[in-house]
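Participant: The structure is given below, and queries will be raised subsequently.
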Amino acid sequence: MSVLRRSLARAMPATPQERAAALWSFAYFFMLLAGYYVLRPLRDQMGIAGGVKNLPWLFTATFVTLIVAQPLYGALVAKLPRARFIPIVYHFFVANLALFWLFLTLDIAPTIVARIFFVWVSVFNLFAVAVFWFILVAMGATLGVHHLHANTAGEAAQALRPVAGALAGGLFAVGLLASAVVALPVLMATTAYATGAQMHWRRGLSAKVHDAPLFYGALVTSALLGTGVALSGIAPIRLLFLAGIIASIATPVGLILLLAVAANHRVMGDRPVPRPWLIAGGVVTATITVVSLAFIVQQLTISL
């Protein structure tokens with residue numbers, strides 16, 4: 001045990017209490033993201049089970065629910081200390097999951113339960129998973145206050161120094177590792193599935209390698225490409241910058257194309273999108289386009 005402790009002390013130069021906090025943070029982020037990535041495909045399936053024609057109303061219900069729930073959540077955060085607030089929130093969501101399991105197992109109003117579950121996952125995402133991403137926002141704000149630029153993960157980790165002290169680098173590494181362990185398999189499998197669907201390959205993780213060689217080849221290729229980029233020497237923060245620029249261009253273009261397809265009566269056939277939804281989609285597309293252009297101008301101005 002003493003050898004293990006000495007090795008851990010060399011790897012993470014911190015007090016036992018700080019190391020325990022870092023390990024608990026790793027477990028927290030891993031379990032939270034793993035749980036969400038399990039629930040998200042179930043949410044999509046529940047939305048389909050509730051009726052494809054009802055999906056617009058499910059999105060509307062999600063929007064209204066979030067508007068109502070957000071002030072209540074904010075009031076709870078303001079009034080309760082973290083030691084009480086965090087257990088209350090997560091016990092609430094755990095109890096909800098137990099109720100969903102009970103209702104679906106007993107086949108009690110499955111269609112209604114499926115619709116409620118669809119909305120509930122979005123609420124869970126906002127009030128539980130979004131906390132994880134707020135850490136990244138806080139880091140960016142900390143760097144911005146001191147007019148610092150992060151070109152490496154080590155420099156980005158310094159944003160946590162006011163909170164984590166000497167443990168900032170280790171805590172940032174733990175967060176990256178936790179997100180990578182959850183996100184990488186999802187991204188690799190998604191890439192392989194999308195490629196296989198376009199090429200009409202046999203695909204599926206349940207299939208054996210010799211039955212779906214092209215699918216597993218695409219999966220391995222995506223992993224090798226990612227490894228090659230990581231070992232290329234390009235600063236990962238620079239890659240995030242470029243990804244943000246690409247996303248700010250691709251998102252408006254994708255929304256415009258999606259809106260054009262939705263408004264095309266020949267494509268939609270006997271399932272046309274109602275005009276109010278097209279107008280709402282146009283407003284959202286215009287807003288995101290303006291914000292994306294502002295982001296591009298801001299980033300180019302900073303880089304110059």
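Participant: So how do 205-212, 219-226 stack up, highest first, on mean other-Cβ count within 10 Å?
Facilitator: My ranking of the peptides, most packed first, is 219-226, 205-212.
Participant: In Å, what Kirkwood hydrodynamic radius results for the stretch 234-304 from the alpha-carbon pair distances?
Facilitator: One decimal place: 13.9 Å for the Kirkwood radius.
The numbers here are math on the coordinates, done by the rules we state, and not lab data. Note that the coordinates shown come from a computational prediction; the quantities given were computed from them, not determined experimentally. All Cβ positions, glycine included, derive from the backbone under ideal geometry; neighbour counts span all protein chains shown.
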